[in-house]
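Report on one structure; see the data block that follows.
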Amino acid sequence: MGRTLRLVVMASGRGSNFSAIADAIREGALDAKIAALICDRPKAAVIDRALTYGDIDIAVLTRKGFATRADYDRALAELAAGYDPDIIALAGFMRVLGPEFVGRFPGRVVNIHPALLPSFPGLDAQKQALEYGVKVSGCTVHFVDEGTDTGPIILQEAVPVLEGDDEDSLSARILEKEHSLYIKALRLIGEGRVGIEGRKTRVDEKRE
Ligand code: GAR
């Protein structure tokens with residue numbers, strides 16, 4: 001078991017999860033290669049981050065010019081497939097991908113979400129958690145299915161909500177956990193230690 005995992009990372013914004021993955025690869029903590037970053041926003045900071053690594057292809061594909069979301073998703077899928085990825089890792093990719101995309105890569109698209117799913121799916125998860133008043137939130141790495149943040153969960157990590165937390169402070173503490181959790185999940189996948197069984201996963205963490 002275990003081979004270099006070929007990744008396409010898809011991101012829309014700041015790119016700290018992208019950098020965490022790229023840094024882990026560079027430091028030898030993750031046996032993977034980022035074949036490409038695909039971004040839907042031409043001015044996203046993640047593009048500048050990707051440029052600093054020197055060996056990562058960067059592709060920008062905006063929704064503009066596509067008549068329907070399905071057309072756009074098909075084009076995104078075609079673009080991603082061109083890099084021949086084992087896994088497509090969504091890292092703050094702020095669009096829901098429809099069946100035209102997800103159906104092309106069954107069991108091969110993963111996402112990181114800043115809440116303990118199934119609580120607080122969708123946008124502004126940290127804000128949703130604060131407004132609800134939960135005492136514990138966290139982050140989830142999961143496979144992507146055709147719903148919004150509904151696919152089989154791979155790993156989760158809890159983060160306590162502290163007295164006086166605001167969206168920024170909670171998000172920052174969750175983000176720190178996101179980075180390590182995402183790398184751990186990708187490592188487990190690359191080592192063949194994650195299986196999908198219906199709506200659940202079986203994760204063999206014994207040798208972690
Ligand atoms: C992260 O907190 C990620 O979990 C979240 O966007 C942020 C991206 O930060 N994703 C979602 O909310 C997806 N629904 P980053 O660009 O610094 O990695």
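Values computed for the structure shown
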| quantity | calculated |
| --- | --- |
| Only one of E146, E100, E131 that is within 16 Å of the ligand (Cβ to nearest atom) and either within 23 Å of V8 (Cβ to Cβ) or hydrophobic (A, V, I, L, M, F, W, C) (or both) | E146 |
| Residues of segment 60-96 classified as among the β-branched types (V, I, T) and under 29 Å from L181 (Cβ atoms), total | 4 |
| Unique match (being surrounded by 13 or more Cβ atoms within 10 Å (Cβ to Cβ) and touching a Cys at 6+ places or on another chain (Cβ under 8 Å)) among A59, A29 | A59 |
| Segment 69-97 - residue that is assigned to a loop (DSSP other than H, G, I, E, B) and within 16 Å of the ligand (Cβ to nearest atom) and, of those, surrounded by the fewest Cβ atoms within 10 Å (Cβ to Cβ) | M94 |
| Residue in segment 123-133 that is part of a strand (DSSP E or B) and surrounded by fewer than 17 Cβ atoms within 10 Å (Cβ to Cβ) present | no |
| Test: D145 is farther than 13 Å from T201 by Cβ and not in a helix (DSSP H, G or I) | no |
| V8 being closer than 18 Å to I87 by Cα and either surrounded by 23 or more Cβ atoms within 10 Å (Cβ to Cβ) or within 12 Å of the ligand (Cβ to nearest atom) (or both) | yes |
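Rundown of residues vs (1) crowded, with 19+ Cβ neighbours inside 10 Å; (2) of a type outside the set (S, T, N, Q), yes/no style:
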position	(1), (2)
T150	no, no
D166	no, yes
S180	no, no
T201	yes, no
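None of the figures in this text is laboratory data; all of them are computed from the coordinates on show. Nothing here was measured: the structure is a model prediction, and the numbers come from that model. Ideal geometry is used to build each Cβ from the backbone, glycine not excepted, and the neighbour counts take in all protein chains shown.
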